[in-house]
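Have a look at the structure below before the remarks.
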Amino acid sequence: MNSAEANLALRRAFSLFPTGVVAMCGHNGNEPVGMAVNSFSTVSLEPPLVSVCIARQSSTWPKLNALPRIGLSILGADQEPLSRQLSSRNGDRFRDVALESGEETARFIPGATLWLDCTIADRLSGGDHEIILFEIRNTTLFPDIRPLVFHQSQYLGLSRAS
Ligand SMILES: Cc1cc2nc3c(=O)[nH]c(=O)nc-3n(C[C@H](O)[C@H](O)[C@H](O)COP(=O)(O)O)c2cc1C
């Protein structure tokens with residue numbers, strides 16, 4: 001197996017782990033900046049920490065990294081088109097998106113199931129990704145909104161296991 005094949009095999013393996021989809025958004029003074037991520041994980045209660053892994057070649061992360069506050073929105077089940085838009089390599093990621101303002105530069109997606117208003121607490125090395133530890137400053141819950149699920153590169157919703 002060459003390295004490209006090994007990379008693809010690992011992507012397939014990782015895709016068997018179901019995740020939510022998170023919109024990571026902010027405003028740099030001129031325009032909104034953001035991207036969709038599914039590497040979100042909860043980390044700690046005290047202090048309140050979550051993590052996200054960012055590919056080292058991301059062109060959007062350096063813009064978010066410069067902001068004092070970043071908004072994390074856990075997308076709702078009907079927001080597949082938005083996830084696609086927020087991960088597109090060309091095109092306006094914020095077309096027709098009415099962002100909600102948080103503290104300072106944080107921006108949120110209406111229709112999400114959870115908003116986390118965050119500051120960056122630490123940056124750790126994670127191979128070809130950087131592990132970003134976010135400290136949560138504010139939470140806004142929308143428990144009646146069901147989450148979007150990403151599994152095997154497909155967008156799904158939740159259903160009861162039994
Ligand atoms: C469902 C989904 C999950 C994604 N998760 C991540 C992720 O966890 N980390 C990451 O760096 N990119 C992730 N991406 C890719 C980014 O959204 C984006 O396409 C990529 O960073 C390239 O854009 P950029 O150069 O503007 O950063 C994901 C894309 C999709 C559609």
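Taking the condition of being exposed (fewer than 13 other Cβ atoms within 10 Å of the Cβ) and in a loop (DSSP other than H, G, I, E, B), how many residues in region 51-77 meet it?
5
Spot the failing condition for Thr140; the list is (1) away from the ligand (no atom under 14 Å from the Cβ); (2) of a type in the set (Ser, Thr, Tyr); (3) in a loop (DSSP other than H, G, I, E, B), and only one is missed.
All conditions pass for Thr140, except number (3).
Which residues, counting only those in region 23-41, are more than 8 Å from the ligand (Cβ to nearest atom) and either closer than 30 Å to Ser159 by Cα or outside any strand (DSSP E or B) (or both)?
Ala23, Met24, Cys25, Asn28, Gly29, Asn30, Glu31, Gly34, Ser41
If we keep just the residues of region 42-66 that are within 20 Å of Leu114 (Cβ to Cβ) and free of Cβ contacts under 8 Å to residues at least 12 places away in the same chain, which is nearest to the ligand (Cβ to nearest atom)?
The qualifying residue nearest to the ligand (Cβ to nearest atom) is Thr42.
Do any residues in region 118-129 that are over 15 Å from Ala55 (Cβ atoms) have Cβ atoms under 8 Å from those of residues that are among the β-branched types (Val, Ile, Thr) and surrounded by 15 or more Cβ atoms within 10 Å (Cβ to Cβ), where the two are at least six apart or on different chains, and which pairs are they?
Every condition considered, the pairs that remain are Cys118/Val50; Cys118/Ile70; Cys118/Ile136; Thr119/Ile70; Ile120/Ile70; Ile120/Ile132; Asp122/Ile132.
Mind listing whichever residues of region 105-118 are under 14 Å from the mean Cα position of the chain (by Cα) and under 20 Å from Pro32 (Cα atoms)?
Across region 105-118, the qualifying residues are Ala106, Arg107, Phe108, Ile109, Ala112, Leu114, Trp115, Leu116, Asp117, Cys118.
When both residues are 6+ apart or on different chains and their Cβ atoms are under 9 Å apart, which pairs have a first residue that lies in region 13-27 and is surrounded by 20 or more Cβ atoms within 10 Å (Cβ to Cβ) and modelled with pLDDT of 95 or more, and a second that is in a helix (DSSP H, G or I) and not hydrophobic (A, V, I, L, M, F, W, C)?
As it stands, the answer is Val21/Glu80; Val21/Ser83; Ala23/Ser83; Gly26/Lys63, since those pairs meet every condition given.
Based on what the data block shows, is Leu158 more than 17 Å from His27 (Cβ to Cβ), assigned to a loop (DSSP other than H, G, I, E, B) and of a type in the set (A, V, I, L, M, F, W, C)?
Taking the combined requirement at face value, the residue satisfies it.
Yes/no per residue for (1) surrounded by fewer than 20 Cβ atoms within 10 Å (Cβ to Cβ); (2) touching a strand residue (DSSP E or B) at 6+ places or on another chain (Cβ under 6 Å); (3) not in a strand (DSSP E or B):
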{"position": "Gln85", "(1), (2), (3)": "yes, no, yes"}
{"position": "Arg89", "(1), (2), (3)": "yes, no, yes"}
{"position": "Ala98", "(1), (2), (3)": "yes, no, yes"}
{"position": "Glu103", "(1), (2), (3)": "yes, yes, yes"}
{"position": "Cys118", "(1), (2), (3)": "no, yes, no"}
{"position": "Leu124", "(1), (2), (3)": "yes, yes, no"}
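The values are calculated or read from the model by the stated rules, or taken from the named source; none is laboratory data. Being a predicted model, the structure only gives us computed values, none of them experimental. Neighbour counts are summed over all protein chains in view; Cβ atoms, including those assigned to glycine, are modelled from backbone coordinates with ideal geometry.
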